[in-house]
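A.B. asks: Right, I'll just put the structure down here and ask away after.
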């Protein structure tokens, strides 16, 4: 064999090998590969080991594709828990559905937390939505509009409480609020333990998963508005942001009752709505997959930079499970 022939043969072989490698990289993972990668990650990844016990699931428009329980005494799919700020995506979906998918600038500002209605502490159990929105005493100060906050991001339940009153939910107690929200969302079964739109829901991963399934399937109007009207949120990197519960090490955007995890370094563009106690629902940026990390923890709620907050730690684990599922490779 001549040197030229050998060189040509070698280059062809090299090119074929490179093409095969590229083809493998582009290959869609099998369902078995996705399931194996997600389970391996939930069981072994350090971020996930750090939040045990917890339940997790991944699904698509047809329902749950796989799930698991990690750690002793882990909750299950139907275990009910307080989901805190994971309630915000529920409210966002409700409002968008009620308004037929068409939002005014004012309605959008109440959902992306730039309305200026930033003074809000909490509701009392037996109040109506309107009573909570206007309630004040020595320790609770709800309902005040702060002009200097208008047009700037300030994470607060006050925006949604004001919006709920504006769209007719003011007279509702917990039961009536749940009935209105559940009916608008196509027969959901969420429970409210206080009449607070931004944080009052108690539910299970299975029930929340059904909401995510409807969104991914395009059966709720918010599906087409995920990521819409998004604003920057990190005061360290965004001049129009005042307060965020996200670690200052990451810069996300906030849309209509949900986060857009688009940090330029570690973000993947997923849509999510983490709750203070560790309940973390997400939808992949291409709106093909959804998932839940479900737990209820009071650890490190006072963490000053939020990076050890239960919601943040669940997000770190959920992010790994999502990446493993999408790629078919354990993380």
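Throughout, read-outs are computed from the coordinates displayed, never taken from laboratory work. As the structure is a prediction and not an experimental result, all values here were calculated from the model. Cβ atoms come from the backbone with ideal geometry, glycine included; neighbour counts cover every protein chain shown.
A.B. asks: How would you rank 167, 90, 51, going from fewest to most other Cβ atoms within 10 Å of each one's own Cβ?
C.D. replies: Numbers: 167 15, 90 26, 51 23.
Going from least to most buried by this count: 167, 51, 90.
A.B. asks: Additional query: Using the 10 angstrom Cβ neighbour count as an exposure proxy, how do 280, 145 rank, fewest first?
C.D. replies: So the residues, fewest neighbours to most, are 145, 280.
A.B. asks: Between residue 102 and residue 146, how many nm apart are label points set 7 Å from Cα along the C-beta direction?
C.D. replies: Label at residue 102, label at residue 146, 3.4 nm between them.
A.B. asks: Quickly work out the residue 266-to-residue 236 label distance, labels modelled 7 Å from Cα along the C-beta direction, and quote it in nm with one decimal.
C.D. replies: Between residue 236 and residue 266, the simple spin-label model gives 1.1 nm.
A.B. asks: Taking just the alpha-carbon atoms of region 193-293, what radius of gyration and Dmax come out, in angstrom?
C.D. replies: 13.9, 39
A.B. asks: Say we join alpha carbon atoms closer than 10 Å with springs in a Gaussian network model of the chain; which of 244, 78, 118 then has the biggest fluctuation?
C.D. replies: 78
A.B. asks: Same structure again: Sorted from fewest to most neighbouring beta carbons within 10 Å, what does the list 48, 317, 232 look like?
C.D. replies: Lowest to highest Cβ neighbour count: 232, 48, 317.
A.B. asks: Counting helices only, and only those DSSP H runs with n ≥ 4, report the 222 nm mean residue ellipticity of the chain as the sum of -39,500 (n - 2.57) divided by its residues, in deg cm²/dmol to the nearest 500. Walk me through the intermediate numbers first.
C.D. replies: Working: 10 runs with 117 residues, N = 331.
It lands at -11000 deg cm²/dmol.
A.B. asks: Oh, and also: Give the angle, between 0 and 90 degrees and rounded to the nearest 10, that separates the Cα long axis of helix 3-26 from the longest principal axis of the Cα atoms of the chain.
C.D. replies: Between helix and principal axis, roughly 20 degrees.
A.B. asks: Expressed as an acute angle from 0 to 90° and rounded to the nearest 10, what is the orientation of the C-alpha long axis of helix 174-184 relative to the principal long axis of the chain?
C.D. replies: The answer is roughly 50 degrees.
A.B. asks: With everything on Cα atoms, drop me the angle between helix 310-327 and the longest principal axis of the chain, reported from 0 to 90° to the nearest 10.
C.D. replies: 30 degrees
A.B. asks: What distance in nm separates the two pseudo spin-label positions at residue 286 and residue 61, each 7 Å out from Cα along the beta-carbon direction?
C.D. replies: Each label point lies 7 Å from its Cα, and together they span 1.4 nm.
A.B. asks: While we're on this one: For residue 31 and residue 184, FRET efficiency with R0 = 45 Å and r from the beta-carbon atoms, rounded to 0.05?
C.D. replies: Efficiency, from the Cβ-Cβ distance: 0.85.
A.B. asks: Residues of region 314-328 with amide nitrogen under 15 Å from the 7 Å Cα-to-Cβ point of residue 44?
C.D. replies: Within reach of a label on residue 44, which here means backbone N under 15 Å from a point 7 Å along Cα→Cβ, region 314-328 contributes 321, 324-325, 328.
A.B. asks: Percent of Cα-Cα pairs per 20 Å bin, from 0 to the last occupied bin, for the chain, please list those.
C.D. replies: Result returned by the calculation: 31, 53, 11, 4, 0.
A.B. asks: Give, in nm to one decimal, the length gained when the segment between residue 298 and residue 124 is fully stretched (0.36 nm per residue of separation minus the Cα-Cα distance).
C.D. replies: 60.7 nm
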